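The values are calculated or read from the model by the stated rules, or taken from the named source; none is laboratory data. Please read all numbers here as calculations on a predicted model, not as lab measurements. Here the Cβ is made from the backbone with ideal geometry for all residues, glycine too, and neighbour counts use every protein chain on show. Side chains included, ligands, DNA and RNA excluded: accessible areas come from the protein's heavy atoms. Shrake-Rupley method; radii C 1.70, N 1.55, O 1.52, S 1.80 Å.
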Amino acid sequence: MFSPRTVGFAAKELRRCTLGRTPAQLQSLPPMGYLDLGTVPYLQALHIQTRFNQLRIANLANLANPSSQPGKQPKLTDTLFLLQHPPVYTNGLRNRGKLPPSEIQRLRSLGSEYVETGRGGEITFHGPGQLVLYPSVSLRKHHLGVRCYVEGLENTVVDACMRLGVRAQPWEGFPGVWVGGRKVAAVGSGVKRYVTLHGLALNCSTEMRWFQHIVPCGLEGKEAVSLEQILARRVEAQELVPHILSSFSRVFNCDLLPLHELSPVTHQTIVGLVDESKKQ
């Protein structure tokens, strides 16, 4: 289990945002579960989190109004999906539909998929050696605004990098997390009915050549970098898993438990969605 070390950390250290949470609210936040999905093609992962988001929205509505659905309603809990993707370029809302077919074909000819998605931001790359975190979080249950939540994701990366001796930081006006002017993590979230989708991607041992074929996140003249380059040693994505989980727990001030322990019902629901995604 991962537990926050300091009650009130998030309220004190999240840059401009105090989260607007009282000490009593911080003490009563519900725990979250985490689940490592391994390597999953992007479209399959998108199906899993989109369907789970739909189920959670319906579940939260039923729990809030039990008379509409007689009988006891099983609770689907907040869940952090940990995974990696095979090579894929994804385009966000800001630039979706703007790439000409010839450019899309060029990217695909490199041996990568190309997918337009509903997260914020512009084009980026996901691939092996990159740790991806997709939280499904009820912002209302955790008393979070969207801006504070996104800043919390950035601070999660900052705290995780600090554990490896890397000084990373958000850069005002530029999304993501940066080290010495180079981007080490992309952050792009979506929210539907106060339940989050998408999340963050941290370059661990990612091959940087993939980023040379695009303008990452639409930022001209800015480069991407990996922790492997910064530390001059091999940094597997799995090495960062406990750091990311511990940092997320600390920043958002919530306990994290393996999903199968916290909520067998939620775990079985997601196993079903994984099977379903393979048939799409």
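Of the residues examined, Lys183 is not one that is open to solvent by 30 Å² or more (accessible area, probe 1.4 Å) and charged (D, E, K, R).
I'm checking my understanding of the structure. Among residues of the stretch 103-144 that are in a strand (DSSP E or B) and hydroxyl-bearing (Ser, Thr, Tyr), which one is surrounded by the fewest Cβ atoms within 10 Å (Cβ to Cβ)? The selected residue is Tyr114.
Of all residues in the stretch 235-248, at least one satisfies being part of a helix (DSSP H, G or I), at pLDDT 90 or above, open to solvent by 10 Å² or more (accessible area, probe 1.4 Å) and more than 25 Å from Pro86 (Cβ to Cβ). Would you confirm, using the coordinates I've provided, whether Thr196 is closer than 24 Å to Asp78 by Cβ, out of contact with any Lys or Arg (no Cβ under 6 Å at 6 or more places or on another chain) and at pLDDT 95 or above? Judged against the criteria, Thr196 is a match. Considering the stretch 27-43, the residues that are polar (S, T, N, Q) and at pLDDT below 95 include one that is least open to solvent (accessible area, probe 1.4 Å), namely Ser28. So for the stretch 263-276 (the condition being open to solvent by less than 20 Å² (accessible area, probe 1.4 Å), within 20 Å of His143 (Cα to Cα) and among the aliphatic types (A, V, I, L, M)), does at least one residue qualify? For the stretch 263-276, residues open to solvent by less than 20 Å² (accessible area, probe 1.4 Å), within 20 Å of His143 (Cα to Cα) and among the aliphatic types (A, V, I, L, M): absent. Gly118 meets the stated requirement of being of a type outside the set (Lys, Arg) and at negative phi.
Gln212 passes every criterion in (1) open to solvent by less than 40 Å² (accessible area, probe 1.4 Å); (2) closer than 15 Å to Gly127 by Cβ apart from (1).
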